Amino acid sequence: METEQLEIEGLILLKPRLFEDERGVFIESFHEEKYKEILGDFSFKQDNQSVSKLMVLRGLHFQSPPFEQGKLVHVAHGSVLDIAVDIRKSSSTYGKYVAVQLDAINKWQFWIPPGFAHGFVALEEDTVFCYKCTNYYAPNHEQTLLWNDQDLDINWGTENALVSQKDKEGMMFNQFASPF
């Protein structure tokens, strides 16, 4: 597996080796020992999956301590523009983001450790997005930053996103007190 440390410390792009032949493609999508060598000590507690229509935007979500989550994400069908925003207040990249295109063809995985808000926009109809999470969903600790906040200045590649009411009501970054 090839790995790429992205421009914000802690964010890692994992590129599993594809075994292709006339029958199709095989990948090793997870191997605990190999991933611990790359990501450090963790344990996954919950797997989630969403199916999104074209231009559905989900995010920017995170859970506050002690229910913070690291996420290993990938796309099983379709493609997304995936976004991770650094919300670690002591970080030199606080408030900056990384955008990665993930799709079912490249089969890349994106590691987003605790201390990041996360979101994505579906670039294809019926995109299947998969998450492995290091902590359980805790609705009382879930928070949302406003996806189109001008202070974050995220280029989502669309202005016509389909966004939930919860995500439309996310916090403004300049009023946000990070718990990280």
How much of the DSSP beta bridge set in the chain is antiparallel, as a percent to the nearest 5?
-> 95
Under unit Cβ charges (Lys, Arg +1; Asp, Glu -1), what dipole magnitude, rounded to 20 debye, does segment 125-180 have relative to its Cα centre?
-> 280
Normalise the Cα radius of gyration of the chain by 2.2 N^0.38 Å (N = residues in it) and let me know the number.
-> 1.01
Signed unit charges on C-beta, dipole axis of segment 88-180, positive-most listed residue Gln143, Ser91, Trp108 = Ser91
Relative packing of 161-173, 145-157, 105-117, 17-29, which averages over residues the other C-beta atoms within 10 Å, highest first | 105-117, 145-157, 161-173, 17-29
What percent of all Cα-Cα pairs in segment 114-180 falls in each 10 Å bin, counting up from 0?
-> 15, 48, 34, 3
How long, wide and thick is segment 31-131, going by the Cα atoms along their three principal axes, in whole angstroms, largest first?
-> 37, 32, 21
1/(1 + (r/R0)^6) with r = Cβ-Cβ of Glu125 and Arg17, R0 = 25 Å, i.e. FRET efficiency to nearest 0.05, evaluates to 0.30
Label point distance in nm, Ser50-Asn174, each placed 7 Å from Cα along Cα→Cβ | 2.7
Amide H to amide H under 5 Å from Thr144: which residues, 5+ apart in sequence or cross-chain, H placed 1.01 Å off N in plane?
-> Met171
In the chain, taking the dipole from +1 charges on Lys and Arg beta carbons and -1 charges on Asp and Glu beta carbons about the Cα centre, the listed residue (Thr127, Phe42, Met55) farthest towards the positive end is Phe42
Given springs between every Cα pair under 10 Å in a Gaussian network model of the chain, which of Ile83, Ile38, Ile12 has the largest fluctuation?
-> Ile38
Please report, in debye to the nearest 20, how large the charge dipole of segment 20-119 is about its Cα centre when each Lys and Arg carries +1 at its beta carbon and each Asp and Glu carries -1 there.
-> 560
The rounded separation in angstrom of the Cα centers of segment 7-39 and segment 95-140 is 15
Answer in debye to the nearest 20: the dipole magnitude of segment 65-178 about its Cα centre, from +1 Lys/Arg and -1 Asp/Glu charges placed on Cβ, is 460
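Read the figures in this text as sums done on the coordinates, not as results from a lab. Every value quoted in this text rests on a predicted model; they were computed, and no experiment measured them. Ideal geometry is used to build each Cβ from the backbone, glycine not excepted, and the neighbour counts take in all protein chains shown.
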